[in-house]
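Structure, as structure tokens:
The values are calculated or read from the model by the stated rules, or taken from the named source; none is laboratory data. Here the structure is a predicted model, which is why all the values come from computation and not from measurement. Here Cβ is always computed from backbone atoms with ideal geometry, including for glycine, and neighbour counts include all displayed protein chains. Side chains included, ligands, DNA and RNA excluded: accessible areas come from the protein's heavy atoms. Shrake-Rupley method; radii C 1.70, N 1.55, O 1.52, S 1.80 Å.
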Amino acid sequence: MKATLSGIIIAFAVRATAFAEPPTVQAAGTFAPEKHTPLAFERVTLEMSLKPFRVMEESAIRKVCAEAFRQWSPLIRRTNGSSVLLWASDGSEILDYRGRLDDEIEWARYIGIGTPPATTSKADPERRGLHSTSHLYMKHPPRVTYRWLKTIARCLKEVGEELTGKPVAVGATFDPGPEFANSAFKYQRHPEIAQGNTMGASRWVSCSARLKADSVAYAGFPKGIPEDTSLGTFLGRQSQHFLTDLGFDYLWLSNGFGFSLSAWDVKGVLFDGKTFAAGEAPRVRDEILSFWKDFRRECPRFPIETRGSNLSTGSDLASAASPLADIYRGGFNITAPPNSPWAALDGDFGLEIVGYLSHIAELPPVDRFPFRFYTHDPWWLNSPWFDRYGREPHDIYLPLAIARIGADARVTRPAFAEFLTIDNSFGEMPEQCPLEVIPHVLAAMDHYSDEPGLVTWIYPFDENHDLVFGAHPRPGEAFFGDWFMRGAVNTGLPLNTVTSTANFIRSRQANPGLYRQTILVSPVPAANSALERELVECLRSGHQVLFYGPVTHAGAAMLDLLNLKTTAPLAGEMELRGTLGHDSLKQGSLATRIHHRETPSGGGIDTVLRDPDAAGGETCATVSATGGERVYALTREHPLGPDSGRVAWVRGSFSCTIGGGHLPVPDNPETLFSTEVMMRWMLARFGCDIRFDKATPQTRDPLVLAARSNNGWFFSGHSPSTATTLRMRFPLGAPVFTGGEIWLEDGFATWVMPRAWHREVRCFVEQPEKGEISCVERHSGHIGISRRLWLRGLKKATVHFLPELRPGAKNVIMTINDPRPHTETSIPYEKEDGGRRLVARDVTGDLLISW
């Protein structure tokens, strides 16, 4: 290698399989001085097809390689290295590899479906659509052999290292479906492995499949495939030969392969949309794990990176028995999956965020996970950055607003940034794309979380596995929890932080005050569990906790805490009554009926108050039907004494229908109330009131994530309707976004949102009079001043300012109605929270804050 990294072993090189140290993390709530521009990521992955390589000559190949690295060099500069993930075919080039480098590859040279379906669809009887017919991306595509593929891999490394001065790895891909190439192996010679029905009947390869015998001399099986050989064994041995012979460094398993046979679908082998077949879970789990064990016996050293499921851990467990914990902890040398790219297609960003958080709450041993962004599609004639996102960066800022808390009480940053892909369906690499995308990615990482955000999800990672594989399975609860939280995020719950139950307990031991400034969100814990004890202690010490889900299996301590008892359950359609503040509509009204589907909601609604006269309690919502009335949401203030925190609970329902599509369809909000929104509304009882003013009940709610970085708040959002306005009020007052104006009235900051947004907040304002308040940057203009914020429109206001604590605490100067840049005398202000909050009182006019 021409370039080396002192003290760091790159995880994606064959000669090593782990970092010498984990990716850079920052202790939550602590700030170390920065002596240089910090790394944004450990590695950048440029995913690309072979389409840009239009001429099979080494000089032409090197020019393409040079252009790719040149375009993405501003991002690569902020990393320790890069890799290129080559979408050469669909993995059939590995399955079919005979050890002969001059054999031609059936490569992904198409626009549209690689392996067209055998039958026509009702929607396209003439086969005119891209899902029915493939089209060559150019008139005379080049002939690609294994030798040329080896040359491309070598040139990518040589040119990349020469231009960037950093190591470059190259990855190969395996996909279970028919999308990318015309596979004779999958669909003609060995159709027995295509057992799944995604993209058509018998079109999806199952990792647990077993092959029938054939006599072809493959690289790993020169005498042919023996009868009943597992796919794990065959693919593992073929991968070992292919990766070694062609100079690849790692393998990417695509589209849920290795995790589930139904990685695109809410239904699966355990769940038909109506009932759960929990008894089948151990068998399916063992079949999936047998793939990994067989593969690793044949291909023991090459690292594996994964796409994983488009859904979430709880959903995949309950529907498909996907044993994520066993895969992570099985010693298989894998990297956790990234965020799913599906939100670009279906707009379900709540599912993307919840799925991402559920997949990284626990991690494989090195605590490493990637971020992935959908720039171009080299197969399906769309380039999401331009024609799906509309050049709006919400799918950059939202998934990069998250915070994953590990057992050591530190925030784990994403190690890799992956871009699917850098070339479009015609093999072009438009420079406009990296020029526009890279600044947003770097800004998001410069503002990346360093402590818990507004809401922290205690994710039941191991508990969900026990609910599916344990002695007394209740898969409906695992299923419900994730889908309920998906709906909550889609309706504006500002969830950005996750920690597993185990990591939550250990991180509190490492830093008891870590979660004091966040609202903890958790399913109701099991009776006498360690989590139950920990959360009771949290509440006793003043923390804030919001529970959700059924209490049917809660213990006496939790029922006493919530002042609940159980009775006969209700299900079906019910009338909802509540006292929570809500969003406002310009047309129509909010529905007052809910549909509680018992099976996917983890049971019926079976709660009533234990003591209706208990002090400090408020019943926030009830539901009623023929069987009576049940408590649906409540809150209690100081339930464990005057110094204890506030607790709240929302029962929640699976407010969706499951039909023939991949995903659940939310209920029509004109006729049925979506209960997930109550999670956001309940935050008002904790002092964090977030409301939307929108056109109609059908208008989709914005997504709002609230992260903490360098002692400030960073709000990231996506508004499907730019006619919707946002109103927010917090315990410190109305947040004033840096670089804009708000209208302050009744304590709320009202702001008109663009489609995508990412805004810093360092100033909160309390004042009795309504009016417009502005917060903008001002230039330094004076030696020793690095930054200024200028607030205007204040009227007898109290201003709470959150100073930057990195690269080191600086003296803060506040002046009222004095814009002179050289003023070094400050008005008096109070220091609160150990200097993390500065308070100026009775301010009228303009306030200039300089440091």
Top to bottom by accessible area (1.4 Å), largest first, where do His440, His553 land? His553, His440
Over the chain, what is the relative contact order in percent, taking alpha-carbon pairs closer than 8 angstrom and at least six residues apart? 10 percent
Given a 1.4 angstrom probe, I'd like the percentage of the accessible area of the chain that is carbon and sulfur, rounded to a whole number. 51 percent
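Accessible area per residue for the chain in Å², computed with a 1.4 Å probe and the full protein assembly in place, what is it?
About 35 Å² of surface per residue is accessible.
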With +1 assigned to the C-beta of every Lys and Arg and -1 to the C-beta of every Asp and Glu, and no other charges, what is the dipole magnitude of segment 425-552 about the Cα centre in debye, to the nearest 20? 600 debye
Solvent-accessible area of Arg792, probe 1.4 Å, all protein chains present, reported in Å² to the nearest ten, please. 80 Å²
Per DSSP H run of at least 4 residues, take -39500 (n - 2.57); add these up for the chain, divide by its residues and hand me the 222 nm value, nearest 500 deg cm²/dmol. -6500 deg cm²/dmol
Environment charge of Val631, counting only residues whose C-beta is closer than 13 Å and scoring Lys/Arg +1, Asp/Glu -1: +2
What distance in nm lies between label points placed 7 Å from Cα along the C-beta direction at Ala557 and Thr119? 5.8 nm
Dipole of segment 710-795 (Lys/Arg Cβ +1, Asp/Glu Cβ -1, origin at the Cα centre): which of Thr724, Leu789, Gln767 lies farthest to the positive side? Leu789
Once you put a point 7 Å from the Cα of Thr671 and another 7 Å from the Cα of Ala471, both along the Cβ direction, what distance in nm separates them? 4.6 nm
Only helices at least 24 Å long along their axis, Cα-based, and averaging -0.5 or more on Kyte-Doolittle count here, so list those DSSP H runs from the chain. 146-164
Within the under-11-Å Cβ sphere about Asp408, not counting Asp408, Lys/Arg +1 and Asp/Glu -1 give a net charge of +1
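Can you sort Leu95, Leu39 by solvent-accessible area, 1.4 Å probe, largest first? Present the calculation step by step, with values, prior to reporting the outcome.
Numbers: Leu95 0, Leu39 60 Å².
Solvent-accessible surface, decreasing: Leu39, Leu95.
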So, over other residues within a Cβ distance under 13 Å of Ala263, counting Lys, Arg +1 and Asp, Glu -1, the net charge is -1
Mind jotting down the distance between the C-alpha centroids of segment 157-218 and segment 63-107, whole Å? 15 Å
Determine the dipole magnitude for segment 270-378: charges of +1 sit on the beta-carbon of Lys and Arg, -1 on that of Asp and Glu, nothing else is charged, the reference point is the Cα centre, and the result goes in debye to the nearest 20. 380 debye
Among Gly232, Tyr97, Ala344, pick out the residue whose Cα is farthest towards the positive end of the charge dipole of the chain, where Lys and Arg carry +1 and Asp and Glu carry -1 on C-beta, about the Cα centre. Tyr97
Which order do Asp245, Asp701 take when ranked by solvent-accessible area (1.4 Å probe, heavy atoms of all protein chains), largest first? Asp245, Asp701
Could you give the distance between the Cα centres of segment 552-602 and segment 714-755, to the whole Å? 29 Å
For segment 161-240, listing GluC sites (Glu not before Pro) in a DSSP loop whose Cβ sees at most 13 other Cβ atoms within 10 Å gives Glu227
Cα centre as origin, Lys/Arg/Asp/Glu Cβ charges: segment 489-540 dipole, Debye: 120 debye
Say each of Thr579 and Lys565 gets a label point 7 Å from the Cα, pointing the same way as Cα to Cβ; how far apart are those two points in nm? 2.2 nm
With every protein chain left in place and a probe of 1.4 Å, what is the accessible surface of Glu431, to the nearest 10 Å²? 80 Å²
Considering only Ala88, Ile76, Pro125, whose Cα is most displaced toward the positive end of the charge dipole of the chain, charges sitting on Cβ of Lys, Arg (+1) and Asp, Glu (-1)? Ile76
When all protein chains stay in place, what accessible area (Å², nearest 10, 1.4 Å probe) is found for Leu345? 80 Å²
